[in-house]
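The values are calculated or read from the model by the stated rules, or taken from the named source; none is laboratory data. Since the model is a prediction, treat every value here as computed from it, not as a measurement. Note that we place each Cβ from the backbone using ideal geometry, even for glycine, and neighbour counts take in every protein chain shown. Areas reflect the complete protein model, heavy atoms only, side chains present, ligands, DNA and RNA absent. Shrake-Rupley method; radii C 1.70, N 1.55, O 1.52, S 1.80 Å.
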Amino acid sequence: MEFLDLPQLLSAAGTVRLPGSKSISNRVLLLAALAEGETEVRDLLASDDTERMLNALQTLGVGVVHQGGESWLIKGCNGNFPVKQAELFLGNAGTAFRPLTAALALAGGDYILKGVARMHERPIGDLVDGLRQLGADVTYLANEGFPPLHLKPASIQPDGVISVRGDVSSQFLTGLLMALPLTGQTVSVNVVGELTSKPYIEITLAIMARFGVSVAREGWQRFTVKAGSRYVSPGTIYVEGDASSASYFLALGAIGGGSVRVEGVGRDSIQGDVKFAEALAKMGAEIEMGPNWMSARAPKGGLVAVDLDCNHIPDAAMTLATTALFAKGTTTLRNIASWRVKETDRIAAMATELRKLGAVVEEGEDFIRVTPVVALSSSPSPACGGGGLKAAAIDTYDDHRMAMCFSLAAFGTPLRINDPKCVAKTFPDYFERFASVTKAAPVIAIDGPSASGKGTVAARVAAALGFGYLDSGALYRLTALAAKQAGVDWADEAAVAAIAAALDVEFSESDIRLNGQLVGDAIRTEEISAGASKVAALPAVRDALLFRQRAFNKAPGLVGDGRDMASVVFPQAPLKVFLTASAEVRAERRYKQLIDKGLSANLPDLLLDLQQRDERDSQRSVAPLRQDVDAKLLDTTDLTIEAAVNQVLLWSKEAI
Ligand code: DC
């Protein structure tokens, strides 16, 4: 499984130009395809979901021309798809599946619509019921009420009134409304039950109007499309920035200081999710807004919890759930039952993952309640709390919004995001933009051979800067010791890796505990040194220790020493140092150390031993010891410790 490890964040500020809205993009594409005339679509979102729609339209014989960048030309078919028989695969794109089902059921052709397994678990029965009332011929190919579907030509009923449930997903009503002009009749739709996610219906009506079809609306209960309504290209149409995507950046500003400004949506937006800014303001964030931009800044006293009905912002409300980790008090998000039928059961997924970070979460059929972790130590950054969060690997459930929401938790702890590429559904370069407006806790990576003095230098630099210190060699030594205690052979890769993964260690100021027991010098013996070097050559052991090491990358900063700090563990480190000394000088230093501790030692043996270890550490195939291309060389053969420390501190002033 792919993953992305995020260091703890210190602050956020900057400007982000948003990608196009998914909801608007796919509606515009379908209406452009159904319209008379050619439509130039600008600022279209480039993502999995829009690609599904574009591919489907091409399969249906619609002319689709990529004009470069985010511009596309769609040659409308005037309500009559040229291809009358096709099988369409629509992945997990609800914004493609529902509207295409409606349009194709009324267009008169023989079509099969399929998706990924999750798509086949997402209900579509209410839409199909609505279409059947119009005379459409729709068959379920697997389970009653769910895709895949088979649509066949049918004779559509004359003028009439149909009913559709509105309380599961507004996408059913959207799909029906957009398809109704294809009937050529006057049709009214009565909404049964309380219509959920009303702002998405507003988007639908606004885009239909841009393509020349106006829908008469009586409250949120009844919608009528008149006979003779047809779509006509508006010529050129611009897709607004994605308001749901804006939520992550506004939250970054609200948690991490700010200001963070998003461009592409603002006060004049037709998307309901811009109301997320109001919800964030209720949590205390300082929000500013212009016609097509918004910005957020953290409040002086910190964010506070809210109790909110989120039915009007179902997608952006997920961002509030992770923002709640940094708000004082318990946040309750209500009226979010639709979360359960999205890309995944979002209420369950959100609860599970928030708990991994240490939050207390209560979930109900249609609500979630989040109480953040009480910070154990002082706040990690001036702007936010959340200091007590536990480092964890977050699962994302093939749900782009889970991945994006949980990136915010990095203000409280380093964390791992599993399958980060799922963001491609709506925001392929999300993590690049995220990195461009956030500042991570810095790392000074110091690598070098055994006994080069890097441990002493690293610990002193860390103390001088007030940073944390990671002695990564100790983790390999502890693994070797734990394996020995468990009677596991150091060459048994799988067994040693399992021990490394489960290592129960606690690092404090001056000592280390393994399984609750003080370790002392037990990991510094020559036997364990040799064992550490052996287990360190096993790739599975290195993998097992990777996230454990990255979890040290906390505020305000870290000095890590080892062999692969610069090349593998912290490749983004702003300062990398390769610290070395001649083998003879290192052997002498080790000899002196041992004698000082009252241990027996033999200089020629030590030298031979060091040379063998250097050889093994630098010749191994995984993460061999070598100077990273970006690392500065510090040869301490003729340097005192103070001089070496001062040199690193000097470099750190320039780099950090
Ligand atoms: O730095 P040290 O002597 O405590 O390291 C013990 C062993 O672990 C040594 O043989 C090299 C290995 N090691 C490693 O492979 N990668 C690291 N980042 C740190 C140590």
Pairs of alpha-carbon atoms within less than 8 angstrom and 6+ residues apart define the contacts here; what relative contact order does the chain have, in percent? 13
Excluding residues on the same chain fewer than 8 positions from residue 152, give the lysines whose Cα lies under 22 Å from its Cα. 84, 114
Charge dipole (debye, nearest 20) of region 1-59; +1 at Cβ of Lys and Arg, -1 at Cβ of Asp and Glu: 200
Given the protein chains as shown and a 1.4 Å probe, how many square angstrom of residue 527 are accessible, to the nearest 10? 100
Averaged per residue, the 1.4 Å probe accessible area of the chain, protein heavy atoms only, in Å², is roughly 38
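What is the mean projected area of the alpha carbon convex hull for region 489-550, to one decimal in square nanometres?
4.4
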Taking amide H positions as placed in the peptide plane 1.01 Å from N, state which residues far from residue 77 in sequence (5 or more) or on other chains have amide H under 5 Å from it. 34, 35
For region 508-656: rounded, prolate or oblate by the Cα gyration tensor [a/c cutoff 1.5]: rounded
Cα to Cα, under 26 Å, and not fewer than 8 places away if on the same chain: which lysines meet these conditions relative to residue 592? 454, 534
Can you show me the helix-derived [θ] at 222 nm for the chain, built from DSSP H runs with n ≥ 4 at -39,500 (n - 2.57) apiece and divided by the number of residues, rounded to the nearest 500. -11000 deg cm²/dmol
More than 16 Å apart - percent of Cα-Cα pairs taken over region 1-107: 61
For residue 118, put the label point 7 Å out on the Cα→Cβ axis and report which residues of region 325-347 keep their amide N under 20 Å from it. 336-347
Would you rank 467, 406 by solvent-accessible area, highest first, keeping every protein chain in place and using a 1.4 Å probe? 467, 406
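For region 157-280, rounded, prolate or oblate, judged on the Cα gyration tensor with a ≥ b ≥ c (square roots of eigenvalues), a/c < 1.5 rounded, else prolate if a/b > b/c? Intermediate results must be reported in sequence, preceding the final value.
On the way: a/c = 3.76, a/b = 1.88, b/c = 2.01.
Oblate, because a/c is 1.5 or more while a/b does not exceed b/c.
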Might you work out the accessible area of residue 390 for me, using a 1.4 Å probe with all protein chains in place, and round it to the nearest 10 Å²? 120
Might you work out the accessible area of residue 215 for me, using a 1.4 Å probe with all protein chains in place, and round it to the nearest 10 Å²? 30
Give the shape of region 421-501 as rounded, prolate or oblate, defined through the alpha-carbon gyration tensor: a ≥ b ≥ c are the square roots of its eigenvalues, a/c under 1.5 means rounded, and otherwise the shape is prolate if a/b is larger than b/c and oblate if not. oblate
Could you work out what % of the accessible surface of the chain is carbon and sulfur, using a 1.4 angstrom probe and leaving DNA, RNA and ligands out of the count? 50
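Once the convex hull of the C-alpha atoms of the chain is built, how many Å³ does it hold per residue, rounded to a whole number?
Looking at the chain, the number lands at 163 Å³ per residue.
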Hey, what angle do you get for helix 472-485 against the long axis of the chain, alpha-carbon based, 0 to 90 degrees rounded to 10? 80
When only C-alpha pairs under 8 Å and at least 6 residues apart count, what is the relative contact order of region 253-298, in percent? 56
Please work out the ratio of the alpha-carbon Rg of region 99-231 to 2.2 N^0.38 Å and round it to two decimals. 0.99
Using only Cα atoms, tell me the angle between helix 346-356 and the longest principal axis of the chain; keep it within 0 to 90° and round to the nearest 10. 10
For a quick size check, give me the Cα extents of region 613-656 along its three principal axes, largest first, whole Å. 34, 25, 10
Protein chains only, probe 1.4 Å: how do 150, 312, 400 rank by accessible area, largest first? 312, 150, 400
For region 468-523, what are the per-bin percents of Cα-Cα distances with bins 5 Å wide, up to the bin holding the maximum? 4, 19, 33, 24, 13, 5, 1
log10 I(q)/I(0) for region 186-244, Debye formula on C-alpha points only (no solvent), q = 0.17, 0.24, 0.29 Å⁻¹, two decimals, reads -0.67, -1.07, -1.25
